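Written out below as structure tokens is the structure these notes cover.
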């Protein structure tokens with residue numbers, strides 16, 4: 001009987017060793033899989049960043065390429081100025097302005113509207129002046145503002161109508 005107990009203990013130890021060995025192998029496989037997954041994700045992240053950088057570079061390249069003809073026209077206008085050909089200079093500058101405006105509009109640039117009431121989201125009030133216009137309305141634009149899509153790149157700098165100026169007797173003029 002002591003031999004049977006000893007054989008049973010050896011079998012249990014052997015079964016436990018086999019089970020422990022299987023668990024170690026499974027653990028090593030899982031760690032290996034995890035490390036491969038981590039490396040794959042790291043490679044994906046790096047590739048995505050490279051793709052993003054390339055996209056930004058190509059976008060900048062495209063707009064610069066479209067600006068080149070405008071630069072050429074500006075150089076021609078400056079050459080006309082050197083030759084004292086004022087009419088050609090004015091035409092050249094107007095051409096450059098129109099081309100640049102069209103290119104920027106094509107890229108989504110739009111002028112901020114300044115007709116109507118002052119809007120602090122798109123206007124920057126530099127002055128308030130007494131005026132016959134409705135109080136709070138924009139009466140003069142000192143610098144145009146622009147939007148790109150739905151974002152304001154630069155607010156319009158404006159003069160806003162204040163209350164009418166009263167005469168010294170307390171009456172409106």
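None of 66, 75 is within 24 Å of the chain's Cα centre (by Cα) and more than 20 Å from residue 151 (Cα to Cα) except 66.
Select, from 110, 125, the only residue that is at pLDDT 90 or above and over 30 Å from residue 64 (Cα atoms).
Values: 110 fails: over 30 Å from residue 64 (Cα atoms).
When all the criteria are applied, what remains is 125.
Residues that are part of a loop (DSSP other than H, G, I, E, B) and under 21 Å from residue 102 (Cβ atoms) were ranked within segment 130-149; the one that is modelled with the lowest pLDDT is 149.
Of all residues in segment 98-112, those being surrounded by 14 or more Cβ atoms within 10 Å (Cβ to Cβ) and not in a strand (DSSP E or B) number 5. When you look at residue 115, is it more than 24 Å from residue 60 (Cα to Cα), in a loop (DSSP other than H, G, I, E, B) and under 30 Å from the mean Cα position of the chain (by Cα), yes or no? Here the answer is yes, as residue 115 does meet what is asked.
To keep it simple, each residue is scored yes or no on (1) in contact with a helix residue (DSSP H, G or I) (Cβ under 9 Å, 6 or more places away or on another chain); (2) in the same structural domain as residue 59 (by TED's automatic domain parsing); (3) surrounded by 12 or more Cβ atoms within 10 Å (Cβ to Cβ).
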site	(1), (2), (3)
91	yes, yes, yes
122	no, no, yes
130	no, no, yes
136	no, no, yes
141	no, no, yes
151	no, no, no
155	no, no, yes
162	no, no, yes
165	no, no, no
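Residues of segment 78-97 being over 30 Å from residue 126 (Cβ atoms) and either part of a loop (DSSP other than H, G, I, E, B) or within 30 Å of the chain's Cα centre (by Cα) (or both), which ones? Those that are over 30 Å from residue 126 (Cβ atoms) and either part of a loop (DSSP other than H, G, I, E, B) or within 30 Å of the chain's Cα centre (by Cα) (or both): 83, 84, 85, 95.
The values are calculated or read from the model by the stated rules, or taken from the named source; none is laboratory data. Just so it is clear, the model here is predicted, and its values are computed rather than measured. As a convention, Cβ positions derive from the backbone with ideal geometry for all residues, glycine included, and neighbour counts pool all protein chains shown.
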